[in-house]
Amino acid sequence: MTAVANLTQLILALVITNAGGEGKSTWAEILAAFARLAGLGVVVADVDPGNRGYLNRNGDDSALSLDWSPNGNGGKALADPAAWFDEYLAGSNLAILDTGANMLAAANPINKFVGGLIEVARRKGAKIVVYGVTSPNKAGSSDLVEMIYHRFRRGAEVVVVQNDRDGSAAFDASLAELGPAIISLPHIEPGLQAVRLRRCIPLDEVLTKPETGYERATALIAKRLMRAARQDAVMEIVGKEPISRLKALGSQAPVGTHYRVSNIELAGNVSMDANEKMAGAWKQFCAADKQNASGFLEASAALWDAEHAWRERAR
């Protein structure tokens, strides 16, 4: 039985991986988008002074900035965790810390600050969730997530986020054997990612206010993300409301696509229409009976037309 989110309890979520390019900011923005679609109060802190991945993707006003570099915060020390909690997190439903690569291994003030923030949040009755993000075909990725699991599991709920960034789904089976909950992020083709990144605004705004000419690609992103929203470990945090919202937002998505949306040129509405028609024609052709000459010829002609229409768009 799936637990439903306790919308009255603050959840402090840390998104961590000790390597770059795994998808920390991707998961942070997806989780924040789900929470906003559910009507929750969300605070995001970008704790990555070397990259600012969340702020770069979602806009300068989309998150707080926590700088732990030697010259960060104008040379000032990080704030007292209790004071920072009261100023920024009190009254929120979900607080997300999108941390930087190598944060755990670095001897810097942010570790002490985050540790203090966790203790403050715990004393105030918050739920602590640590997300270890991993991606396929990256050396050492699973080992780093396993290290995170053993470091935090006694004081927090640890969830492994498998970000299928290359579409291979080649994740180390040993992670499942550890025992934590696992969230699977679906592969989003490069062309769809390009649609998302055309505007530096929060992901939920991209989905609810699609850019003219890219409505069908944006709907397809929503449809893909609905797979993640349906997972138990996600519903435990944001409830079920994002599922119905994403279903509505994905209503204009193609029923199917035959070719990968590999670049922004293939993500426009006309290209998405041609891709959908190609998928339908291919399905019809595969189901055609060769013994029925007229039916087979009709399916072949439809496939020929769809293929040439697609090639016109893919040039």
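Go through the residues of region 184-206 one by one and say whether even a single one is more than 30 Å from Ser262 (Cα to Cα), assigned to a loop (DSSP other than H, G, I, E, B) and not polar (S, T, N, Q). No; the residues of region 184-206 include none that is more than 30 Å from Ser262 (Cα to Cα), assigned to a loop (DSSP other than H, G, I, E, B) and not polar (S, T, N, Q).
For region 169-193, give me each residue that is within 11 Å of Ile221 (Cα to Cα) and either over 16 Å from the mean Cα position of the chain (by Cα) or of a type in the set (Gly, Ala, Ser) (or both). Answer for region 169-193, where residues must be within 11 Å of Ile221 (Cα to Cα) and either over 16 Å from the mean Cα position of the chain (by Cα) or of a type in the set (Gly, Ala, Ser) (or both): just Gly191. Selection of first residues in region 140-158 that are acidic (Asp, Glu) and of second residues that are part of a helix (DSSP H, G or I), restricted to Cβ pairs under 8 Å at least 6 apart or on distinct chains, gives the following pairs, ordered by first then second residue: Glu146/Ser174; Glu146/Leu175; Glu146/Leu178. At positive phi and in contact (Cβ under 8 Å) with a residue 24 or more places away in the chain - does that describe any residue in region 274-282? No, region 274-282 has no match at all.
Of the residues making up region 273-315, those that are assigned to a helix (DSSP H, G or I), open to solvent by 40 Å² or more (accessible area, probe 1.4 Å) and charged (D, E, K, R) number 9.
For residues in region 288-307 being hydrophobic (A, V, I, L, M, F, W, C) and in contact (Cβ under 8 Å) with a residue 12 or more places away in the chain, which is farthest from Arg198 (Cα to Cα)?
Only one residue fits best here, namely Ala288.
In this structure, is Ala233 farther than 18 Å from Ala38 by Cβ, open to solvent by less than 20 Å² (accessible area, probe 1.4 Å) and in contact (Cβ under 8 Å) with a residue 12 or more places away in the chain? No, not satisfied.
Within region 250-268, is even one residue free of Cβ contacts under 8 Å to residues at least 24 places away in the same chain, open to solvent by less than 70 Å² (accessible area, probe 1.4 Å), within 30 Å of Ile96 (Cβ to Cβ) and within 19 Å of the chain's Cα centre (by Cα)? No: region 250-268 contains no residue that is free of Cβ contacts under 8 Å to residues at least 24 places away in the same chain, open to solvent by less than 70 Å² (accessible area, probe 1.4 Å), within 30 Å of Ile96 (Cβ to Cβ) and within 19 Å of the chain's Cα centre (by Cα).
The values are calculated or read from the model by the stated rules, or taken from the named source; none is laboratory data. Values in this document were obtained by computation on a predicted structure and should not be read as measured data. Using ideal geometry, Cβ is built from the backbone for each residue, glycine included, and neighbour counts are taken over all protein chains shown. Ligands, DNA and RNA are stripped out before the accessible areas are found, and what is left, the full protein with its side chains, is counted by its heavy atoms. Shrake-Rupley method; radii C 1.70, N 1.55, O 1.52, S 1.80 Å.
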